[in-house]
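What follows draws every value from the coordinates through simple rules; no lab data is involved. Not measured: the values here are computed from a predicted model. Methodologically, a virtual Cβ is constructed for each residue, glycine included, from the backbone with ideal geometry; neighbour enumeration extends over all protein chains shown.
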Amino acid sequence: MLNIINKIKDLKKAKNAVVLAHCYQNIEIDEAADFVGDSLYLSQMAAATDADIIVFAGVYFMAQTAKILSPNKKVLLPRTESGCLMADMINAQQLREFKSKHPGVPVVCYVNSTAEVKAECDICCTSSNAVKIVKSLNVPKVLFVPDTYLGKWVQEQTGVEVITYPGFCPTHLRIRPEDVDSAREKYPGALVLAHPECHREVWCKADFTGSTTQIMDFATRSDAKKFIIATEKGVVERLQRDCPDKEFILIKDDIICPNMKWHTLPDILAALENEQHEITVDTQTAAKARTTIERML
Ligand code: 13P
Ligand code: SF4
């Protein structure tokens with residue numbers, strides 16, 4: 001393993017490359033990564049880096065976003081199977097039909113969407129800034145795609161009417177409200193931290209709701225010692241590594257995003273060595289999608 005990590009580090013130097021990793025990735029990838037974080041942080045890093053090559057250990061829409069923000073860089077996705085089920089729940093045609101039912105209402109897209117969808121929306125958001133972005137529009141009503149649960153979360157936090165598209169994250173929806181109750185019973189006194197992609201009833205029962213980074217920041221700063229985590233397993237593993245004096249419990253065993261787990265260290269090495277699995281976005285779509293993402297940034 002160390003050998004592979006060292007090879008990746010050498011290649012990064014030789015090729016002026018960076019590795020960006022989402023915090024749902026297999027944890028050993030952090031050893032080879034330059035930046036690890038949530039979608040907002042990674043898109044900011046993708047926009048800011050002056051590297052020639054970005055290797056994206058994340059899902060397809062994240063690599064696509066990096067390419068849109070850095071069109072002159074080579075963006076590589078080590079395993080092309082790494083899609084996002086939620087992002088694939090709406091395409092441009094479905095978006096147009098949705099918009100046509102609500103003419104004149106601004107459209108906010110979650111960054112978990114394809115470039116063609118972003119290209120036809122007004123502004124992008126991630127789970128860490130969705131509330132801020134919707135408030136900033138200063139309008140009474142917005143359309144929100146594709147995640148219906150994050151949209152509902154935003155509506156409750158802002159008072160803005162949020163008309164949501166019926167998309168969802170299958171991984172987060174596996175967490176049921178009853179799981180919160182049974183975890184609280186099993187671990188009395190533990191705080192429950194949830195991602196807004198969960199069912200409304202889950203985040204209503206939680207002590208804190210936020211993006212992956214917001215959950216990690218909250219747990220790191222909190223005086224509490226025990227936490228029940230209602231998001232992907234990678235967050236629990238990183239918290240346990242970084243805060244060994246605290247205890248982190250994944251709310252349920254199978255809260256794993258299979259698409260995030262495709263990439264391995266050998267895949268990252270192969271992507272860098274062969275400069276393979278390059279992500280491209282057609283120029284017109286990219287230009288429109290860039291405006292939507294840059295408004296957010
Ligand atoms: P974050 O915006 O919290 O990184 O979430 C991305 C994601 O895909 C959650 O399922
Ligand atoms: Fe997509 Fe859900 Fe996986 Fe996030 S956890 S990448 S929303 S499928």
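The distance from the alpha carbon centre of segment 143-202 to that of segment 226-297 is 19 Å, rounded to a whole number. With the cut-off at 1.5 for a/c, could you classify segment 1-57 from its C-alpha gyration tensor as rounded, prolate or oblate? Taking the square roots of the gyration eigenvalues as a ≥ b ≥ c, segment 1-57 is oblate.
How high is the relative contact order of segment 158-297? Use alpha-carbon pairs under 8 Å, at least six apart in sequence, and give a whole percent.
Averaging sequence separation for qualifying contacts and normalising by length gives 20 percent for segment 158-297.
Relative to a virtual label point 7 Å from the Cα of Glu28 in the Cα→beta-carbon direction, which members of segment 213-234 show backbone nitrogen distances below 18 Å? Residues 234 fall inside that zone. Comparing Cα centroids, segment 85-110 and segment 1-77 end up 29 angstrom apart. Dividing the summed -39500 (n - 2.57) terms of all DSSP H runs of n ≥ 4 by the residue count of the chain sets its mean residue ellipticity at 222 nm at -12500 deg cm²/dmol.
Once you have a ≥ b ≥ c as the square roots of the Cα gyration tensor eigenvalues for the chain, tell me rounded if a/c is under 1.5, and otherwise prolate or oblate according to whether a/b is larger than b/c. Oblate, because a/c is 1.5 or more while a/b does not exceed b/c. Give, as a single signed number, the net charge of other residues whose beta carbon lies under 11 Å from the beta carbon of Lys225, with Lys and Arg counted +1 and Asp and Glu -1. Value of the local net charge: -1. Take every pair of alpha-carbon atoms less than 8 Å apart whose residues are at least six positions apart; their mean separation over the length of segment 59-110 yields a relative contact order of 32 percent.
Looking at the chain as a GNM with Cα springs under 10 Å, which of Leu20, Leu193, Leu250 has the largest mean-square fluctuation? Looking only at Leu20, Leu193, Leu250, the biggest GNM fluctuation is shown by Leu250. Normalising the average separation of contacting C-alpha pairs (under 8 angstrom, six or more residues apart) by the number of residues puts the relative contact order of the chain at 23 percent. Each of the peptides 236-247, 125-136, 52-63 was scored by the mean count of other Cβ atoms within 10 Å over its residues; in descending order, highest first, they stand as 52-63, 125-136, 236-247.
Legend note: in the chain, cysteines whose Cβ sits 4.7 Å or more from every other cysteine Cβ are Cys23, Cys84, Cys124, Cys125, Cys169, Cys198, Cys204, Cys243, Cys257.
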